[in-house]
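See below for the structure under consideration.
The values are calculated or read from the model by the stated rules, or taken from the named source; none is laboratory data. Keep in mind that this is a model prediction, so the values were computed, not measured. Here the Cβ positions follow ideal geometry from the backbone for every residue, glycine too, while neighbour counts run over all protein chains shown. We work out accessible area using only protein heavy atoms, side chains counted, and drop any ligands, DNA or RNA first. Shrake-Rupley method; radii C 1.70, N 1.55, O 1.52, S 1.80 Å.
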Amino acid sequence: MTRRIHSTPRLFSRREVLALGAGFGAAALGIAPARAASTPVLTRPIPRTGERLAVVGLGTAIIFDIGNDAARRVERRSVIQTLLEGGARAIDTAPSYGTAESVVGDLLADLKARDRVFVATKVRVAGRERAVAEM
């Protein structure tokens, strides 16, 4: 007599499905997931200054709003380190992202990488004085 074992199938989150899909796609194309920049990264100039930035950067909304959570800070530090090792350096943040700006600042100081990144921020208030105050 054959005995059947019924188990509940594992449900994957949207994030897990996207990560798996990206991983499978990268593997199919022969792309290593985290690589040092051995080939130049595609860049575009900033119109006003001509400074060139990689077309890929790091957005910090929600995911970097982690306060003082030490375990999450270790993970986010690794994300910034991987970004830099991959040849990109633009990090986008804003005061409206909760603690993201201060977390990014702390992690960049910890990595001694502030001079290696281009940090972009934005404000939600009108007027120069209020914008400076928000920043």
Log entry, pairs with first residue in region 98-121 being under 16 Å from G57 (Cα atoms) and without any contact (Cβ under 8 Å) to a residue 24 or more places away in the chain, second being part of a helix (DSSP H, G or I) and open to solvent by less than 30 Å² (accessible area, probe 1.4 Å), beta carbons closer than 9 Å, six or more apart or on different chains, reads R114/L108
Note on region 35-71: residues surrounded by 11 or more Cβ atoms within 10 Å (Cβ to Cβ) and within 13 Å of the chain's Cα centre (by Cα) are V56, G57, L58, G59, T60, A61, I63, F64, D65
Expected output for region 64-80 (first residue in contact (Cβ under 8 Å) with a residue 60 or more places away in the chain and at positive phi, partner part of a helix (DSSP H, G or I) and of a type in the set (A, V, I, L, M), Cβ below 7 Å, 6+ apart or cross-chain) is none
How many residues of region 98-127 are touching a strand residue (DSSP E or B) at 6+ places or on another chain (Cβ under 9 Å) and open to solvent by 30 Å² or more (accessible area, probe 1.4 Å)? The answer is 7
**OP:** Can you confirm whether region 59-72 contains a residue that is modelled with pLDDT under 95, among the small types (G, A, S), closer than 19 Å to V104 by Cβ and in contact with a Lys or Arg (Cβ under 7 Å, 6 or more places away or on another chain)?
**Re:** no
Subset of region 86-121, residues under 21 Å from P40 (Cβ atoms), in contact with a helix residue (DSSP H, G or I) (Cβ under 7 Å, 6 or more places away or on another chain) and among the aliphatic types (A, V, I, L, M), comes to I91, A113, V117
